[in-house]
Amino acid sequence: MKFKVNNINCEHCANTIKKALSDDFGDIQVDVTTKEVSLKLDEKDVENFKSEMDDLGFEVVERLD
């Protein structure tokens, strides 16, 4: 799945997301330029992922696929 996310401004932001969430959600790709986060996610885990992102200070604004 791919999500558009606010507040991703630099590689530090990308690394913060990867380090904090990779144990729970597996491999996470963060594109700083497009502010998109991609990962393999079951439908049942989408809301939990959004909540975890919000706790880190990153707002998921749109699901892209």
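If you go through the stretch 2-13 and keep only what is over 14 Å from E52 (Cβ atoms) and either open to solvent by less than 70 Å² (accessible area, probe 1.4 Å) or touching a residue at least 60 places away in the same chain (Cβ under 8 Å) (or both), you end up with K2, K4, N6, I8, C10, C13.
Among T16, T33, which is the only one that is open to solvent by 90 Å² or more (accessible area, probe 1.4 Å) and at pLDDT 95 or above? Going through T16, T33 in turn, just one is open to solvent by 90 Å² or more (accessible area, probe 1.4 Å) and at pLDDT 95 or above: T33.
When the stretch 36-49 is filtered for residues that are over 9 Å from the mean Cα position of the chain (by Cα) and open to solvent by less than 70 Å² (accessible area, probe 1.4 Å), the ones remaining, listed by number, are L41, D45, V46.
Among residues of the stretch 43-56 that are over 11 Å from V5 (Cβ atoms), those with a beta-carbon under 9 Å from a residue that is open to solvent by 70 Å² or more (accessible area, probe 1.4 Å) at least six positions away or on a different chain give the pairs D45/D24; V46/R63; N48/D24; E52/D24.
Please work out if V32 is touching a helix residue (DSSP H, G or I) at 6+ places or on another chain (Cβ under 6 Å), touching a residue at least 24 places away in the same chain (Cβ under 8 Å) and at negative phi. First the steps, then the outcome.
Values: touching a helix residue (DSSP H, G or I) at 6+ places or on another chain (Cβ under 6 Å): yes; touching a residue at least 24 places away in the same chain (Cβ under 8 Å): yes; at negative phi: yes.
It is true that V32 is touching a helix residue (DSSP H, G or I) at 6+ places or on another chain (Cβ under 6 Å), touching a residue at least 24 places away in the same chain (Cβ under 8 Å) and at negative phi.
For E52, the test of being at pLDDT 95 or above, surrounded by fewer than 17 Cβ atoms within 10 Å (Cβ to Cβ) and either touching a strand residue (DSSP E or B) at 6+ places or on another chain (Cβ under 6 Å) or of a type in the set (D, E) (or both) is failed.
The values are calculated or read from the model by the stated rules, or taken from the named source; none is laboratory data. Just so it is clear, the structure is predicted and the values come from calculations on it, not from any experiment. Because the Cβ atoms are built from the backbone with ideal geometry, glycine has one as well, and the counts that use them run over all protein chains shown. Note: areas computed on protein heavy atoms with side chains; ligands, DNA, RNA excluded. Shrake-Rupley method; radii C 1.70, N 1.55, O 1.52, S 1.80 Å.
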